[in-house]
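The block underneath contains the structure these notes are about, expressed in structure tokens.
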Amino acid sequence: IKILALESSCDETSAAIVDNGKVLNNIIATQSVHGNYGGVVPELASRAHQQNIVPVVDQALKNAAIDKTSLSAIAFTRGPGLLGALLVGTSFAKSMALALNIPLIEVNHMQAHILAHFIDDPKPEFPFLCLTVSGGHTQIVLVKSYLDMEIVGETRDDAVGEAFDKSAKLLGLSYPGGPLIDKYAQLGDPHRFALPQTEMPGLEYSFSGIKTGILYFLRDELKKNENFIDENLNDICASIQHTLVEMLLQKLRKAARQFNIKNIALAGGVSANSGLRNGLNQMAEKEDWKVFVPAFEYCTDNAAMIGMAAHYKYLAGEFTTQEVSALPRMKF
Ligand code: ATP
Ligand code: MG
Ligand code: FE
């Protein structure tokens, strides 16, 4: 089973070939145009996808030394994501499947982030809990099998990646600021500044309050000392990161105890965060968890994970038709 998979939900145009569940390659064109704007500009993203999609697909086929006529299916991200961006991958996949007369497979981007765990060893055993932390989502997912997953906890407002990026913006750091906060945090004292945490019921998260809290905190400190940020950047970043990681891990522990599950996985771009990885490993020792984190290449947006999800859908006979359209708010 040779699947060509496409990902175009946000600001990465990616194509991958997955052969019998084995990832042969994962070609990613990252869009740099957004750096100047402090966030992804949807219209620029769709234009860049249009420019990148043909070369990226071409490179994936050439690199795997596969002729398009030997493909078994074409897979694409149907949602969630930016409508204009999703449309590029969706239309491209539909046309190619039609031209080659092969099946079409739609993939949910958030499920694919989780199935990235099945690209390399070690692979988690079912059932496991996955904390998916990305630029647009923060979810605790109960994963029962490859295609049977249930969101048991979620953010009510901002995603944690967004909280990282927006805090970074308040500190005058460039976009995406998450990795920069991580970098400075490693040199700072995480207990220097106490930031307000929002208490949420059950397994729910909320990250919009902390952003406002940081805004007021910085405003007050800057009134006293206009060089406050420059002089304390490492400690501020360490304190922000510590607070966000604590919020993530508290609920994860609550979920693990509630469902009595000890296989714990991490997915999405924020799983690169060193504070989160360290905190998770510490908690794992205390709670007797087995922890799984995919390689970084498969944590951020990529087509390999789309191909992996498509592989399991192919085996289950889950195909879609030419009537399919992009779904920006796609649910599980
Ligand atoms: P979604 O999957 O919800 O549609 P997305 O695909 O845009 O969102 P990803 O590409 O998975 O999100 O992750 C990007 C996010 O990860 C950004 O918010 C970025 O700041 C954050 N991020 C990446 N590395 C780090 C790090 N080391 N520390 C904190 N945040 C990080
Ligand atoms: Mg991205
Ligand atoms: Fe993503």
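Readers should treat all values here as calculations from the given coordinates under stated rules, not as data from a laboratory. Computed from a prediction, not measured in an experiment: that's the story for all the values here. Because the Cβ atoms are built from the backbone with ideal geometry, glycine has one as well, and the counts that use them run over all protein chains shown.
Observations, loosely collected:
- Between ASN36 and PHE332, the FRET efficiency from the beta-carbon distance, with R0 = 45 Å, is close to 0.80.
- Under the Debye formula (equal points on every Cα, no solvent term), log10 I(q)/I(0) of segment 1-133 at q = 0.09, 0.12, 0.17 Å⁻¹: -0.27, -0.48, -0.92
- Positive end of the dipole of segment 1-129 (Cβ unit charges, origin at the Cα centre): among LEU115, SER70, SER32, the Cα lying farthest that way belongs to SER70.
- Computed E for ALA99/GLU150 - FRET, C-beta separation, R0 45 angstrom, nearest 0.05: 0.75
- ALA295 versus SER70: modelled label distance in nm, points set 7 Å from Cα along the beta carbon direction: 2.2
- Value of relative contact order over the chain, rounded to a whole percent, pairs C-alpha under 8 Å and six or more apart: 26
- Gain on full extension, evaluated as 0.36 nm per residue between GLN197 and LYS22 minus their Cα-Cα distance, stands at 58.8 nm.
- The chain: angle of helix 83-100 to the longest principal axis, Cα-based, in degrees nearest 10: 20
- Relative contact order of segment 1-61, pairs being alpha-carbon contacts under 8 Å that are 6 or more residues apart, as %: 34
- Cα-projected label distance for LEU315 with GLU246, points at 7 Å along beta-carbon direction, nm: 4.2
- Taking the fewest neighbouring Cβ atoms within 10 Å as the starting point, the ordered list for HIS113, HIS34 is HIS34, HIS113.
- LEU187-ILE261 pseudo-label distance in nm [points 7 Å out on the Cα-to-Cβ vector]: 3.9
- Most positive-pole-ward Cα, VAL245, GLY202, LEU171, against dipole of segment 119-259 from beta carbon charges: GLY202
- Beta bridge orientation in the chain: antiparallel %, DSSP, nearest 5: 60
- Distance between segment 233-287 and segment 5-83 - C-alpha centres, whole angstrom: 30
- Degrees, to the nearest 10: 228-259 long Cα axis against longest axis of the chain: 60
- Taking 20 °C and 1.002 mPa s as conditions, segment 101-210 diffuses translationally at an estimated 132 µm²/s according to Stokes-Einstein applied to its Kirkwood radius (Cα pairs).
- With kT/(6 pi eta Rh) evaluated at 37 °C and eta = 0.692 mPa s, and Rh the Kirkwood radius from Cα pairs, the chain diffuses with a coefficient of 160 µm²/s according to Stokes-Einstein.
- Using a Gaussian network model of the chain in which every pair of alpha carbons under 10 angstrom is joined by a spring, one finds that among SER145, SER72, SER91 the greatest mean-square fluctuation is at SER145.
- GLU221-ILE1 FRET efficiency (beta carbon distance; Förster radius 51 Å; 0.05 resolution): 0.35
- Crossing angle, helix 303-315 versus the chain [Cα axis fit, 0-90 degrees, rounded to tens]: 50
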